[in-house]
Amino acid sequence: MRRLPVYFVLDVSESMVGENLRKLEEGINSIIRTLRQDPHALETVHVSVIAFAGKAKTIVPLIEVASFYPPKLPIGGGTSLGGALYHLMAELDKSVVKTTFERKGDWKPIIYLITDGKPTDSVNSAIARWKSEYSDKAILVSIALGKFADIGVLKQLTEHTMILENTCDEDFRKFIAWITASVKSQSKSVSDVPTDNAYLAKIDETVLSLIKDVRDLRQADPDYVILTGRCQRTRLPYLMKYERNIQVVKLQDFAMDVTQYMLSGCYPVGDEYFEWSDSASTQLKVNTNELMGTPGCPNCGNISAFGMCQCGGIMCLNEPGKAVCPWCEKEVVFMAGKTGEEGFDVNRARG
């Protein structure tokens, strides 16, 4: 039986931490549960999951639906879309059976690339190679989650580029249902009337929008601020996530836009976070005056997750006084801050 390879290439960068990552995990579970109930999918569909943050790795090799076990998605620093594309192309070369004179190979693979941010690596050469060598051999569907994803880059990759602007539970459920219906439709088409054409389900335009125009590319991602801290007690890392918010400040003679970043959550992560993160050094910083909200530590419950050592590492605190930095292991003394003090720069992750 000829296989229908289905690849999920998933952004697991820091900006996905929290609700988006949880929904994506639950969504993959839902897709697999439904496909297992479909005879065409059971017969033809094989699924693989590739995750990418600062690095790209295959976390589930291509396997039949009946044997697929939905993975726990990791989290890492950086959004290496170029690296993800190169890894995907290598996986296609390695895993997809090609048609020869002696045998029929696999059906044209279908790929769902899902991201919520902007690339932090160079993507031009990867896109050029994809378009010249792979775009005719696979069906690539790219989906932008939320309003901050780089639509311009995704649109360069494929005409099947869509945006899910509202990632609330109900819209996300409909989005996952659309992917499931598209995979079922494709598996039925290759079973009933063999073809390599794309059979995507009808789009619910109240949820998903097909992108027709390419937007300008932007080098920097101004939409998220992600800070990496370590728990003083457990030494485990956590991520503080802030989202951009523009406020209009009206003065006597004019008004101006002021950008601030509002706290959206603080999330515990494991040490594997560093294994998935881009190891290249970065000088990205943000001033604390731009950040609104201070969370508690999600690992030990300390009142503040936002103390900074002289080494630049962020740690949690419960009160002023002596503490041992979990980054450099040196003793540091914290004093109570004064109202009206100037902000200070902190290291900002790639997002």
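The values are calculated or read from the model by the stated rules, or taken from the named source; none is laboratory data. Every value quoted in this text rests on a predicted model; they were computed, and no experiment measured them. Because the Cβ atoms are built from the backbone with ideal geometry, glycine has one as well, and the counts that use them run over all protein chains shown.
Considering only residues that are in a loop (DSSP other than H, G, I, E, B) and more than 19 Å from residue 270 (Cβ to Cβ), which ones fall in the range 14-73? Walk me through it before giving the result.
Within the range 14-73, the first condition is being in a loop (DSSP other than H, G, I, E, B), and the residues that meet it are 17-18, 36-38, 53-55, 68-73.
36, 37, 38, 68, 69, listed by residue number.
Just to check your reading of the model, which residue among 347, 302 is at pLDDT below 90 and touching a Gly at 6+ places or on another chain (Cβ under 7 Å)? Full working, then the answer.
Numbers: 302 fails: at pLDDT below 90.
Being at pLDDT below 90 and touching a Gly at 6+ places or on another chain (Cβ under 7 Å) holds for just one of 347, 302, which is 347.
Which condition from (1) of a type outside the set (Phe, Trp, Tyr); (2) over 20 Å from residue 49 (Cβ atoms); (3) surrounded by fewer than 23 Cβ atoms within 10 Å (Cβ to Cβ); (4) in contact with a strand residue (DSSP E or B) (Cβ under 8 Å, 6 or more places away or on another chain) is the one that residue 143 breaks?
Single failed check for residue 143: (2).
What about residue 104, is it of a type in the set (Lys, Arg) and modelled with pLDDT under 95?
On the way: of a type in the set (Lys, Arg): yes; modelled with pLDDT under 95: yes.
Yes: the conditions hold for residue 104.
If residue 302 meets every condition in (1) farther than 28 Å from residue 119 by Cα; (2) assigned to a helix (DSSP H, G or I) apart from one, which number is that one?
Looking at each condition in turn, residue 302 falls short on (2).
Output the residue which, of all residues in the range 74-83 that are in a helix (DSSP H, G or I) and in contact with a Lys or Arg (Cβ under 9 Å, 6 or more places away or on another chain), is surrounded by the most Cβ atoms within 10 Å (Cβ to Cβ). Give the steps one after another, and end with the answer.
Filtering the range 74-83 for residues in a helix (DSSP H, G or I) gives 81-83.
Those left that are additionally in contact with a Lys or Arg (Cβ under 9 Å, 6 or more places away or on another chain): 81, 83.
Values: 81: 29, 83: 23.
In this case the residue turns out to be 81.
Which condition number does residue 76 fail, the rest of (1) modelled with pLDDT of 95 or more; (2) touching a Phe, Trp or Tyr at 6+ places or on another chain (Cβ under 7 Å) being met?
(1)
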